[in-house]
Each structure stands twice: as structure tokens, then as C-alpha cells.
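Some notes on the structure that comes next.
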Amino acid sequence: EQKCYVPDLVFGQLLPSDNFSDAERQAVYGRTGYSAKLANIFSRRFTVETLDSTRRRRYRQSWYSNTTERGEPEIQALAPGTSLEDFTCVTFEPDLVRFGMDRLEDDIVLLMRKRAYDIATVTRGRCQVYLNDELIKVRSFEDYIAMYLEPETFRVSERCNECWEVGVALTDDGSAFRHASLVNCGSVARGGTHVAYVTDQVVSAVCDYLSKHRASLGLGDKSGPLAVKR
């Protein structure tokens, strides 16, 4: 329908999908027409390489100057008998001027570092994620939670189904409610309905328990939803 190769469609053309309706009830995150294309648009150079071992073809394509210049796809047929392994490699040079920078600032580098740990978490050990040639040793949701907490902090976690994995920890330092969440592999720093959905159920269950045992626990009036959430 689009009359182009899939890598060109995925990395070089905006809005090729149909996840754009706010009226439609969905359990996914993001707008599937942007994603990697934005990295391409905000780059001085962006190159994608991929190998299809079934078709025995290697594909390479580059874009330049914020996608204003598009290179033609280079497709190489691989000789029979060649040992092949599927891969996709994306290399890009951010156009820092577009972000008001002349170098990668420390907070941006830290954000990229966090993103690498996020990816290591959501792939659940199915692939190895390296940062500056160092293997990230996070292979589960429990490992990810542990990075936010002291070793002795009480926590529970459970994989509810293929879509949900949830962890809850006790905050004992008097700080306000905090959360960290990933939806469709994307970090959602501001939370949202998915965080509220879990939090409200936990708070409600704890409040019900405390209400029934208020006297024996000596809680007084300090066991309302707000206190529990904190």
C-alpha cells in the first residue's frame, strides 16, 4: 500500500499506523506513527541497517539534515552458504542545535542511561543490553524495582498476566507517594490511569484492613487513604 520497503516506512515516514484516536478505548501507550521517526527528524545523520536471513538480503538506508535529504535504499543479496544472523542496527547523530545545546549535557546523558536500563528491564533477559560496552545486569522487574529502594525495604511484586507486572514497596522515610512506570516499553514519568488503577486498589484494600483493626493496631485517625498512599 505504501509502495516502499518496511525499514523506510518504519524509520522514515510519519503516521503509517492507525493508533491516533483518543475516542477509542485502548490498552497501549504512544502514537505508533512517530516513535523512531522523531529521532530521525532531529538528527543530522540517521542510518538503519537490517538483515533478513530468510530472504538473504541486507538493507541499508540513510537520511541527512533532519530528513530533508533521503538516501536511496541499498539492498545486498547475500551468497548461499553464508552464515547469517538477523539484526537491526540504528546509528544516528543528534542535531544538538535543535535542542539548544552544543554538547550532550549531563542530565541528558543520565536520561539516556536510564533509558538503557528501562530497555534491559522490559526485554526480560531476552537480549543483552550494553551501555558504553558494559553489560547492564538487570534481567527482571524485581531487579528494576531494587534500583529504586534500599536493600532492606519491604516490597512485593507480581506478574499478573502478559500485560501487567506490578510492584509495591513501603515508604518509611516520610516522603510523598512516588512511582516509576513503563508502558509499552516507554517510561511514563508523570504516571497516568495505569498508576491510579493499581494505586487505588492497593490503598482501598489497606484502608479496609486498617479500618477493621484500627483499635488493636492503635492507629487513631491516621489511617485514611492519603496517609496510606504516602
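Each reported figure results from applying straightforward, stated rules to the coordinates on display, with no laboratory input. These numbers come from a predicted model, not from an experiment. Here the Cβ is made from the backbone with ideal geometry for all residues, glycine too, and neighbour counts use every protein chain on show.
The alpha carbon gyration tensor of segment 139-230 gives principal lengths a ≥ b ≥ c with a/c of 1.5 or higher and a/b greater than b/c, which makes the shape prolate.
Note on Leu96/Cys185: beta-carbon distance plugged into 1/(1 + (r/R0)^6) with R0 of 35 Å gives a FRET efficiency of 0.90. Sorted ascending by nearby beta carbons within 10 Å, beginning with the fewest, Lys3, Lys137, Lys114 become Lys3, Lys137, Lys114. With a ≥ b ≥ c taken as the square roots of the eigenvalues of the C-alpha gyration tensor of segment 75-119, please select rounded if a/c is under 1.5 and otherwise prolate if a/b is larger than b/c or oblate if it is not? The shape class here is oblate. Is the shape of the chain rounded, prolate or oblate, going by the alpha carbon gyration tensor and its root eigenvalues a ≥ b ≥ c, with a/c under 1.5 for rounded and a/b larger than b/c for prolate? Since a/c reaches 1.5 and a/b is larger than b/c, the shape of the chain is classed as prolate. Computing FRET efficiency as 1/(1 + (r/R0)^6) for Ser83 and Glu49, where r is the C-beta to C-beta distance and R0 is 22 Å, gives about 0.80. Taking the Cα centre of segment 108-171 as origin and assigning +1 to Lys and Arg Cβ atoms and -1 to Asp and Glu Cβ atoms, the resulting dipole is close to 200 debye.
Using the Cβ-Cβ distance between Ala215 and Arg178 with R0 = 45 Å, the FRET efficiency computed as 1/(1 + (r/R0)^6) comes to roughly 0.90.
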